[in-house]
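Okay, structure first, notes after.
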Amino acid sequence: MKVAIVVQRYGQGINGGAELHARYVAEHLARHGDVEVLTTCASDYVTWRNDLSPGVENVNGIPVRRFRVKHERDPLVFEKRSDRVFLQRHSLGDELDWLDAEGPTSPALVEYVAKHAAGYDYCLFFSYRYYHAYYGARAAGSRAILVPTAERDATIGLSIFQPLFRSVRAVMYNSPEERAMIHAISGNQNVPGVVVGIGSDVPNNPQPARFRQKYKIRGPFAVYVGRVDQNKGCKELFEFFQGYLKDPAGKLSLILIGNSLLPVPEHPRIRHLGFLDDTDKFDAMAAADLLIMPSYYESLSMVALEAWALGRPVLANGKCDVLKGQCLRSNAGLYYETYGEFVGALEAIEQNRWLAGTLGRNGRQFFREQYDWPVIEQKYLEIFDRLKKETPAPATDPLPGWFDRRRQDLPAAEDVLARLPRGPAGRTS
């Protein structure tokens, strides 16, 4: 079996999101066949600058073939085109222009897929919203499998993606909520699909005392792991946690791990440690009393799964259907939508050791049953085996012509999003 993993950026220094998801899948599928990564020369997701050299290099035993990005992202152009397609009536051409402005635009990568797709059994495309996935999946034809990593944001309301969800050979969903959302927006229920999610290489013996000693941290604390960004809910997290700090009964500090795009409040019980390697990250999570996950938009929270694997409870933003669904299915986390609910849930975990311990034990069991790597690998192998026995659907229809692309007949993506059903979904499988 030979598989291509096609993703927007790739490398050991990328420690989150769909890119880390893709690396984990590549390294674990390599145990079962030949895996090659096709990606761009970009390492920064904001500029998509060509920081890395084109050609082939080896990353953790996986050959990685890089292609140049045609142009960097122009933030003003991207903002203008986003306003156009998200907020106004627009054309298919507007959406394709938005896709080009978002980046990373790499025609060379897509051309390589078109020429060499027949040399792979399957091409796995991460994430649906990018140029390489949209055009690359069309180029790969019956070998294209999509790992959409779709979040509940306005992008899902763009019309260009509905045929993509319907035309690939299979879809590997991150969560039941993501699957329900994509079914509702595209009507792709007939496309083979399974909720897979992602595992994580969580160490068997993390050292919480080592973390506390290295960073001189005493006392109980909650940890946040990820990009410190308003889009990840961190601004609201800071507001809510500073309110909690006014209660003299509360003893928790907040430790932040990850690169920051947002000013961190200056307070002795709020510490930003920046980017940490995996050893320190897992030591920190093992040392924490709980993980806080404040994001509004997720297709699956890897750090929540990692916290549960380490037996730690999670406090999540209940406005995110995926996070709320994860908490309900695992019975391993609490969730909040308001400041009062945040403080109440935080204090419940802090002050009730039985509750915190029970949530942590439930989370560990949930991770082992649903997200341990042998479970994830088996789901991929089963879908590959299934597809070998099935006849591929007809090829995707070609894109409309010049005049049809310019008809101003598509609704604002925000309006489409608003009409989608909400709420957590049911089972994982």
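The values are calculated or read from the model by the stated rules, or taken from the named source; none is laboratory data. Everything numeric here is computed off the predicted structure, so don't read it as measured data. Don't worry about glycine lacking a Cβ; one is built from the backbone with ideal geometry, like all the others, and counts go over all protein chains shown. What goes into the accessible areas is simple: the full protein's heavy atoms, side chains included, and nothing from ligands, DNA or RNA. Shrake-Rupley method; radii C 1.70, N 1.55, O 1.52, S 1.80 Å.
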Completion exercise
The distance between the Cα centres of segment 70-90 and segment 1-41, in whole Å, is 28 Å
Exercise for the section: At a 1.4 Å probe radius, which order do D97, D229 fall into by accessible area, largest first? Expected result: D97, D229
Handout entry: Over segment 245-292, relative contact order from alpha-carbon pairs under 8 Å, at least 6 apart, %
Key = 33 percent
Handout entry: Degrees, to the nearest 10: 373-388 long Cα axis against longest axis of the chain
Key = 20 degrees
Fill in the blank from the handout: Surrounding charge for R89, neighbours by C-beta under 10 angstrom, Lys/Arg +1, Asp/Glu -1, total -2
Completion exercise
The answer for trypsin sites (Lys or Arg not before Pro) in segment 230-294 that fall in a DSSP coil and have at most 12 neighbouring Cβ atoms within 10 Å is K246
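Can you show me the helix-derived [θ] at 222 nm for the chain, built from DSSP H runs with n ≥ 4 at -39,500 (n - 2.57) apiece and divided by the number of residues, rounded to the nearest 500.
One gets -12500 deg cm²/dmol as the mean residue ellipticity at 222 nm.
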Fill in the blank from the handout: In the chain the DSSP beta bridges are antiparallel at a rate, in percent to nearest 5, of 15 percent
Problem - Taking the C-alpha atoms of the chain, convex hull volume expressed per residue in Å³ - result: 140 Å³
Practice task
Please give the residues of segment 75-100, grouped as numeric ranges, whose backbone N is less than 16 Å from a label point set 7 Å along the Cα-to-Cβ vector of R406.
Solution key: 90-97
Fill in the blank from the handout: The orientation-averaged projected area of the Cα convex hull of segment 55-100, in nm², is 4.8 nm²
Problem - Neighbour cut-off at most 15 other Cβ (10 Å), DSSP loop, trypsin sites (Lys or Arg not before Pro), segment 320-429 - result: K389, R406, R407, R419, R422, R427
Exercise for the section: May I ask for the angle, rounded to the nearest 10°, between helix 339-351 and the longest principal axis of the chain, with both axes built from Cα atoms and the value confined to 0 to 90°? Expected result: 60 degrees
Practice task
Mind jotting down the three principal axis lengths of segment 296-340 based on Cα atoms? Whole angstrom, largest first.
Solution key: 27, 23, 16
Handout entry: Solvent exposure of segment 1-148 as accessible area per residue, Å², 1.4 Å probe
Key = 38 Å²
Problem - Partner aspartates and glutamates for K115 [C-alpha distance under 16 Å; skip if fewer than 8 residues away on the same chain] - result: E36
Completion exercise
Classified through the alpha carbon gyration tensor (a ≥ b ≥ c as square roots of its eigenvalues; rounded if a/c is under 1.5, else prolate when a/b is larger than b/c, else oblate), segment 42-198 comes out oblate
Practice task
Calculate the length of the line joining the C-alpha centroid of segment 287-315 to that of segment 111-149, in whole Å.
Solution key: 31 Å
Completion exercise
If every Lys and Arg gets +1 and every Asp and Glu gets -1 at its Cβ, then about the Cα centre segment 171-280 yields a dipole, in debye to the nearest 20, of 560 debye
Handout entry: Within the chain, longest stretch free of exposed GluC sites (Glu not before Pro) [DSSP loop, at most 15 other beta carbons within 10 Å]
Key = 1-265
Fill in the blank from the handout: Rounded to the nearest 10, the angle in degrees between the Cα long axis of helix 353-370 and the longest principal axis of the Cα atoms of the chain comes to 20 degrees
Completion exercise
So for segment 340-397, using the alpha carbon gyration tensor with a ≥ b ≥ c as root eigenvalues (a/c under 1.5 gives rounded; past that, a/b versus b/c decides prolate or oblate), I'd call it oblate
Completion exercise
In nanometres, the difference between 0.36 nm per residue of separation and the alpha-carbon distance of R419 and N259 is 54.2 nm
Handout entry: GNM result for the chain, Cα springs below 10 Å: residue of L328, L315, L20 fluctuating most strongly
Key = L328
Practice task
Considering Cα pairs under 8 angstrom that are at least six residues apart, work out the relative contact order of the chain and quote it in whole percent.
Solution key: 16 percent
Completion exercise
Each label sits 7 Å from Cα toward the beta-carbon; between R210 and W354 the label points are separated, in nm, by 3.5 nm
Completion exercise
As straight-line cross-link partners of K216, the qualifying aspartates and glutamates (C-alpha separation under 17 Å, not fewer than 8 residues apart within one chain) are D280, D283, D289
Fill in the blank from the handout: For segment 77-120 the translational diffusion coefficient, Stokes-Einstein from a Kirkwood Rh over Cα pairs at 25 °C and viscosity 0.890 mPa s, in µm²/s, is roughly 206 µm²/s
Completion exercise
For the pair H71 and R218, the simple spin-label estimate (label points 7 Å beyond Cα toward Cβ) gives in nm 5.8 nm
